[in-house]
Amino acid sequence: MADRPEAEYLTRGYTGRLFLGVSIAWFVLAFGRQLLPPLLPSIISDLGISSFRAGVALTGLLALRGLSHYPGGRLSDQLSRKTVLVGALATVSAGFVLLSVSTVYPLFVFAVMVIGTGAGAYVITARSTAADLYIEKRGQAFGLQNAFTNVAGVASAGGAVVVLAVGTSRCSCCLPWRSIGGTVTPTSSSGSNSIRSGRFVGCSVRRASGKRSRRTCSGSSPGWG
């Protein structure tokens, strides 16, 4: 039988700090994951994909999140809670990095799958960590963890509003359908609006003040036209 701690703190002491650290990381993961659905229309526009294909990607994220619960819990039993927590955080971080540079559908799908896998392993291990830390206050600990998740859902809705207000799902000017603080108009190097052979030559950004700035960039435009 495991030794029972003399005092079970939720917010102070070593136990409280560990619990809060794990729970705050859970909040961040939940925030990032739940930020995707509100941004779905922008993502569909950015990648030039159908609503069905975008839905398939997000369904895959949720499916892998659920399927990774058991492997994550088993690994946390066989290895250690810390090992799985750190590994899962690294996996989710890598997924969001890939998501931030996704300009084609296959990379987008792969990125959300990575996020789902890491998030599922983290959630079950974080719950197991709370069970290890608390006996008398175990119910309170579980309740706080669930509260972190629910608050993350509310915060992600507000975060999506902010993201859409200041830019798009990825702040870049190098795709013809993406704007930053204004309206992006595809232009050629000579200044006339044109798309040549499916490639994006340049873009101009018209800001609210009426000032105009030119950004020159090149690259393919997936889904354009």
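The values are calculated or read from the model by the stated rules, or taken from the named source; none is laboratory data. Quick caveat, the model's predicted, so the values are computed rather than measured. Virtual Cβ from ideal backbone geometry, glycine too; neighbours counted across all protein chains shown.
Looking at Ser169, Ser102, which is the one that is at pLDDT below 85, more than 25 Å from Ser80 (Cβ to Cβ), buried (at least 18 other Cβ atoms within 10 Å of the Cβ) and not aromatic (Phe, Trp, Tyr)?
The unique qualifying residue is Ser169.
Could you list, in sequence order, the residues of segment 9-27 that are of a type in the set (Val, Ile, Thr) and free of Cβ contacts under 8 Å to residues at least 12 places away in the same chain?
Thr11
Condition check: under 24 Å from Val154 (Cα atoms) and buried (at least 16 other Cβ atoms within 10 Å of the Cβ). Does Ala63 satisfy that?
no
Pairs please, first residue from segment 41-53 and buried (at least 17 other Cβ atoms within 10 Å of the Cβ), second anywhere and in a helix (DSSP H, G or I), Cβ atoms under 7 Å, 6+ apart in sequence or on different chains.
Ser42/Leu164; Ile43/Ala54; Ile44/Ser51; Ile44/Ala54; Leu47/Tyr105; Leu47/Phe108; Ile49/Tyr105
Name the one entry in Thr103, Thr91, Thr83, Thr117 that is in contact with a Leu (Cβ under 6 Å, 6 or more places away or on another chain) and of a type in the set (S, T, N, Q).
Testing whether each residue is in contact with a Leu (Cβ under 6 Å, 6 or more places away or on another chain) and of a type in the set (S, T, N, Q) leaves just Thr117.
Assigned by TED's automatic domain parsing to the domain that holds Val154, within 15 Å of Tyr105 (Cβ to Cβ), among the polar types (S, T, N, Q) and in a helix (DSSP H, G or I): is that true of Ser23 in this structure?
No.
Could you check how many residues of segment 76-90 are buried (at least 20 other Cβ atoms within 10 Å of the Cβ) and under 22 Å from the mean Cα position of the chain (by Cα)?
Of the residues in segment 76-90, 3 are buried (at least 20 other Cβ atoms within 10 Å of the Cβ) and under 22 Å from the mean Cα position of the chain (by Cα).
Taking the residues in segment 108-152 that are closer than 16 Å to Leu36 by Cα and either of a type in the set (S, T, N, Q) or touching a strand residue (DSSP E or B) at 6+ places or on another chain (Cβ under 7 Å) (or both) as candidates, determine which candidate is surrounded by the fewest Cβ atoms within 10 Å (Cβ to Cβ).
Asn150
Restricting attention to segment 106-127, does a residue exist that is outside any helix (DSSP H, G or I), within 22 Å of Ile49 (Cβ to Cβ) and modelled with pLDDT of 80 or more?
No, segment 106-127 contains no residue that is outside any helix (DSSP H, G or I), within 22 Å of Ile49 (Cβ to Cβ) and modelled with pLDDT of 80 or more.
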